[in-house]
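One structure below.
The values are calculated or read from the model by the stated rules, or taken from the named source; none is laboratory data. Keep in mind that what you see is a predicted model, and the values were worked out from it rather than measured. Note: ideal-geometry Cβ built from the backbone for every residue, glycine included; neighbour counts use all protein chains shown.
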Amino acid sequence: MSKIYQPAEAEARAQQYWEDRNSFRAKEDAGREKFYCLSMFPYPSGRLHMGHVRNYTIGDVIARYQRMKGKNVLQPMGWDAFGLPAENAAIQNQVPPAKWTYENIRYMRDQLKRLGFGYDWDRELATCHPEYYRWEQWLFTRLFKKGLVYKKVAPVNWCPKDCTVLANEQVVDGRCWRCDTVVERKEIPQWFMKITAYADELLDALDGLTGWPEQVRTMQRNWIGRSKGVEVHFGLGNSEQPLRVFTTRPDTIMGVTYVAVAPEHPLAEQAAQKNPGLSAFIQECQRMATSEAAMELLEKKGMDTGLKAIHPVSGAEVPVYVANFVLMAYGEGAVMAVPAHDQRDWEFAHKYGLPITQVVAPADGAPVNLSEGAFTGKGVCVESGPFTGMDFDQAFDAIAVYLEQDNKGCKRMNYRLRDWGVSRQRYWGTPIPIINCPNCGAIPVPDEDLPVVLPEKVALDGVGSPLQRMPEFHETRCPSCDGPAERETDTFDTFMESSWYYARYAGGNSDRSMVETGAQYWLPVDQYVGGIEHAILHLLYARFYHRLLRDEGLVECDEPFTNLLTQGMVLKDGSKMSKSKGNTVDPQQLIDQYGADTVRLFTMFASPPKQSLEWSAEGVSGAHRFLKRLWNLSNRPEYGFPELIDCESRRRFLGSFDWRHLNDDMRKVRSEIHGLLKQASYDVDRYQFNTVVAAGMKMVNVLSQLPSQESLNDENSGAVATLVESMDILVRVLSPIVPHICHELWPAVAIGIEEAIIDTTWPEPDATALVQDVIELVVQVNGKMRAKVSVAAGSNNEAIELAARQDPNVQRHIADKEVKKVIVVPDKLVNIVV
Ligand code: ANZ
Ligand code: ZN
């Protein structure tokens, strides 16, 4: 072994070794407990960035640690290969998206291998391969038949100059990012997946996801946004159809002084036909942003339609307004306004001079001043006719019953969650497996015609869709009537592919089924690691898709990810490392300069996984210096002793060594090492890898201070044994984090069989080493051994006798007998004669 630490060579040797032995190939084994460890797969953008390195190092450390704990580990890797950047690159560099993507994959795969991540590369997948997306198409046609997907008209951002649909991020200040043309809203037919059919299940199951951060569960709860409320019907003079509103505060119904509808509401459109002022107002509203966040900041504006609605309880007439803060997509797209008890309604009423009527009072009788704002708390109903005196719950039920009996409303749940629009007017994605026939409508592509393969040889110019210019792609025949028909040229949202890749890995890349039966062994994922930015969409879509797979009989469990770790951001000078800020550090350059282990060590040591990591060049070189010190420990003369020349002889030497013969100094050293190991074992279970590294560093400090021995003899065997055992512990503890250097050091410094580190186990602290200066005594009763007790070294005979008598087993044997004599042989035994 080399005297100098040369990471590049050590790392190449270790990686070759793992590859030759297929060390990370995962195989189902019903007799062994499995552990499926997954890091979110990357978009093949070109090169790994520090965020990837951090994510994948955390995952790899967990996977390697679980392996050392005896688990059967699966850790796969693949590519989230469809997406917009490939199209942009294609336009800029005149290279087809497929070619660009495959080249990036090749480069990034090499980078991942160079970092020594223990992936089962046999299971690698890229979502842009037809072998992958064909199953997505297949499932979509199944869902079509079940009614879980449907087509409806929905708005998109449209650039009239480029004749192309723009993603939200391609609209900059209302203009096309490429040609600066003002973007228009266009309504086009699109496909939707019925995630709302699973809203309750997705929400309720969050309670069981105790292995997820509470923050993520809360975000998902709010996203689904289930509200318990009442649907109320207001009469409309001459119309059969009532005006429906959704309210969560039916207790305020007697305080309604007007109703407001969204600008897109049919009633608003109807009223605008005879009212040019109103029509202009509605158009103005539609030009404004309609995102909920923007809505909060928007100045509240409205206009009277002139229509009157009839209050379902009092029969009074109230005006109908169009208001810009009412969302068409929420509830019924209309609200009953209660200015006394809703701040938004209050402001609106003030602005337009509408009455404000108090109908709820605080339960404690406190006064309410409605001239300053609404009273929004719950309390008791006042001035509310039959409901006066009721509290919120009583009024809720009573009003719902009243409305139900009169056919003017009912209790219901409302959700913020919308169905998932999966159509993208993009080229680089999975073709939607639908054929549009003028006679038969939308017909799913039959199984035998799947996959619908995306043509890869295309030139992109950013104008229109290339698929629409390829009659050989879109001109087809109807599977139902055989007449001429058109294939869909839209592709799926790329969240589709990332919603089920974890299941595909588990089943292997089978061409017989979407998810092979072997997947049941691995699923669910035991540990998922990724960024918090995926807290809602990706993780919610995956939970939804998992249920679709389950209900199709493809997976058995209910949830895809048992434990979720969301790693913190990588920062530089306090702000997020990102291309747009121009403050990125290229991990490749670090790997070339210091080696993979240094990069891995730095990212694990700098902060615990959940917290943000501040980049530090000093930290990187510090990590490198530490690895050199670790390496130098292996060059100590002791490992050159003929008696300790290989693992086997070291193991024999330790096996025959009696730790009770350690002198005080060595006992202290050994106790320190085992104490650090105990700490590290505790921390590694909680994924606090920074303090595991810290424990390793302290061990190196302790061991570096041990004086070197020239040869092995009776005098120094304790010191040598302590060193040999400690190095063994140290190498094992660090091996998940810096596997390459540990792979090299293993045969040189560790005990056990002369095998690679990959098959080793996590060390257990020796309890007797932890207790400093404690000796163990045998306790006999009438000459028969009944117990062993530990006492502080140097204890007097009384203390020893007391400890012996207190042992439960000893007590049983002396309980009802008379103790005649107690003989104490210091450091050895106690004999109680009864
Ligand atoms: C009357 C009322 C009185 C309301 C009161 C609140 C307080 P969540 O909890 O988010 O479900 N609302 C209903 N549909 C709306 C829409 N399309 N656009 C904007 N606002 C809408 O909120 C439900 C409440 O939001 C409903 O209860 C309704 O106002 C409003 F003192 O009805 B409430
Ligand atoms: Zn047809």
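What to note about this one:
- Among the residues of the stretch 463-486, those that are buried (at least 18 other Cβ atoms within 10 Å of the Cβ) and more than 18 Å from Gly421 (Cβ to Cβ) comprise Pro466, Leu467, Phe473, His474, Thr476, Cys478, Ala485.
- Taking the stretch 33-49 as the range and being buried (at least 22 other Cβ atoms within 10 Å of the Cβ) and more than 15 Å from Arg109 (Cα to Cα) as the test, the residues that pass are Phe35, Tyr36, Cys37, Leu38.
- Tyr102 vs. criteria at pLDDT 90 or above, among the hydroxyl-bearing types (Ser, Thr, Tyr) and crowded, with 20+ Cβ neighbours inside 10 Å: no
- Selection from the stretch 795-834 of residues that are under 56 Å from the mean Cα position of the chain (by Cα), of a type in the set (S, T, N, Q) and crowded, with 16+ Cβ neighbours inside 10 Å: Ser795
- Per-region count, the stretch 51-72, residues aliphatic (A, V, I, L, M) and surrounded by fewer than 23 Cβ atoms within 10 Å (Cβ to Cβ): 1
Listed here are the residues, each with its yes/no results for (1) of a type in the set (Asp, Glu); (2) within 16 Å of ligand 1 (Cβ to nearest atom); (3) over 20 Å from Thr127 (Cα atoms); (4) out of contact with any strand residue (DSSP E or B) (no Cβ under 9 Å at 6 or more places or on another chain).
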position	(1), (2), (3), (4)
Gly429	no, no, no, no
Pro433	no, no, no, no
Asn439	no, no, yes, no
Ala442	no, no, yes, no
Pro451	no, no, no, no
Leu460	no, no, yes, yes
Gln468	no, no, yes, yes
Phe473	no, no, yes, no
Arg477	no, no, yes, no
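- Residues (in a loop (DSSP other than H, G, I, E, B) and under 30 Å from Leu565 (Cα atoms)) located in the stretch 6-38: Asn22, Ser23, Phe24, Arg25, Ala26, Lys27, Glu28, Asp29, Ala30, Gly31, Arg32, Glu33
- Tally of residues being within 27 Å of the chain's Cα centre (by Cα) and aromatic (Phe, Trp, Tyr) across the stretch 419-441: 2
- Residues (within 9 Å of ligand 1 (Cβ to nearest atom) and not in a loop (DSSP other than H, G, I, E, B)) located in the stretch 310-342: Ala323, Ala334, Val335, Met336, Ala337
Here is a yes/no grid of residues against (1) touching a helix residue (DSSP H, G or I) at 6+ places or on another chain (Cβ under 9 Å); (2) part of a loop (DSSP other than H, G, I, E, B); (3) free of Cβ contacts under 8 Å to residues at least 24 places away in the same chain; (4) surrounded by 23 or more Cβ atoms within 10 Å (Cβ to Cβ):
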residue: Thr494; (1), (2), (3), (4): yes, yes, no, no
residue: Ala506; (1), (2), (3), (4): yes, no, no, yes
residue: Glu516; (1), (2), (3), (4): yes, yes, yes, no
residue: Gln520; (1), (2), (3), (4): yes, no, no, no
residue: Arg547; (1), (2), (3), (4): yes, no, no, no
residue: Gly553; (1), (2), (3), (4): no, yes, yes, no
residue: Cys557; (1), (2), (3), (4): yes, yes, no, no
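- Scanning the stretch 600-657 for residues being farther than 22 Å from Ala748 by Cα and not in a helix (DSSP H, G or I) gives a total of 11.
- Cβ-Cβ under 7 Å pairs, at least 6 apart or on other chains, the stretch 355-373 side outside any loop (DSSP other than H, G, I, E, B), far side among the polar types (S, T, N, Q): Val360/Thr252
- Single residue of Thr598, Thr603, Thr584 found to be among the hydroxyl-bearing types (Ser, Thr, Tyr), crowded, with 21+ Cβ neighbours inside 10 Å and more than 30 Å from Trp522 (Cβ to Cβ): Thr598
- Selection within the stretch 227-269 - charged (D, E, K, R) and in contact with a Lys or Arg (Cβ under 8 Å, 6 or more places away or on another chain): Lys228, Glu231, Asp251
Residue-by-condition table, conditions (1) in contact (Cβ under 8 Å) with a residue 60 or more places away in the chain; (2) in contact with a helix residue (DSSP H, G or I) (Cβ under 7 Å, 6 or more places away or on another chain):
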site	(1), (2)
Arg226	yes, yes
Gly237	yes, no
Thr247	yes, no
Ser279	no, yes
Gly302	no, yes
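- Extreme residue, nearest to Gln394 (Cα to Cα), among residues of the stretch 230-245 that are part of a strand (DSSP E or B) and not β-branched (Val, Ile, Thr): Glu231
- For the stretch 284-302, the count of residues that are modelled with pLDDT of 95 or more, away from ligand 2 (no atom under 16 Å from the Cβ) and of a type outside the set (S, T, N, Q) is nonzero.
Quick grid of which residues meet (1) of a type in the set (D, E, K, R); (2) surrounded by fewer than 21 Cβ atoms within 10 Å (Cβ to Cβ); (3) under 30 Å from Leu417 (Cα atoms):
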site: Ala309; (1), (2), (3): no, no, yes
site: Pro312; (1), (2), (3): no, no, yes
site: Val322; (1), (2), (3): no, no, yes
site: Val338; (1), (2), (3): no, no, yes
site: Arg344; (1), (2), (3): yes, yes, yes
site: Glu347; (1), (2), (3): yes, yes, yes
site: Val359; (1), (2), (3): no, no, no
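- Restricting the stretch 480-507 to residues that are within 19 Å of Glu33 (Cα to Cα) and either of a type outside the set (Phe, Trp, Tyr) or within 16 Å of ligand 2 (Cβ to nearest atom) (or both) leaves a set whose member that is nearest to the chain's Cα centre (by Cα) is Ala503.
- When Ala81, Ala90 are checked against the criterion of being of a type in the set (A, V, I, L, M), touching a helix residue (DSSP H, G or I) at 6+ places or on another chain (Cβ under 7 Å), within 30 Å of Gly553 (Cβ to Cβ) and touching a residue at least 40 places away in the same chain (Cβ under 8 Å), Ala81 stands alone in meeting it.
- Taken together, the residues in the stretch 461-479 that are away from ligand 2 (no atom under 11 Å from the Cβ) and either out of contact with any helix residue (DSSP H, G or I) (no Cβ under 8 Å at 6 or more places or on another chain) or more than 26 Å from Ala86 (Cα to Cα) (or both) amount to 9.
- Residue list for the stretch 687-721, filter: small (Gly, Ala, Ser) and either surrounded by fewer than 17 Cβ atoms within 10 Å (Cβ to Cβ) or part of a loop (DSSP other than H, G, I, E, B) (or both): Ala694, Ser704, Ser708, Ser711
- Looking only at the stretch 210-224, and only at residues there that are exposed (fewer than 14 other Cβ atoms within 10 Å of the Cβ) and within 16 Å of ligand 1 (Cβ to nearest atom), the one that is farthest from the chain's Cα centre (by Cα): Asn222
- Condition met for Leu298 (surrounded by fewer than 17 Cβ atoms within 10 Å (Cβ to Cβ) and aliphatic (A, V, I, L, M)): yes
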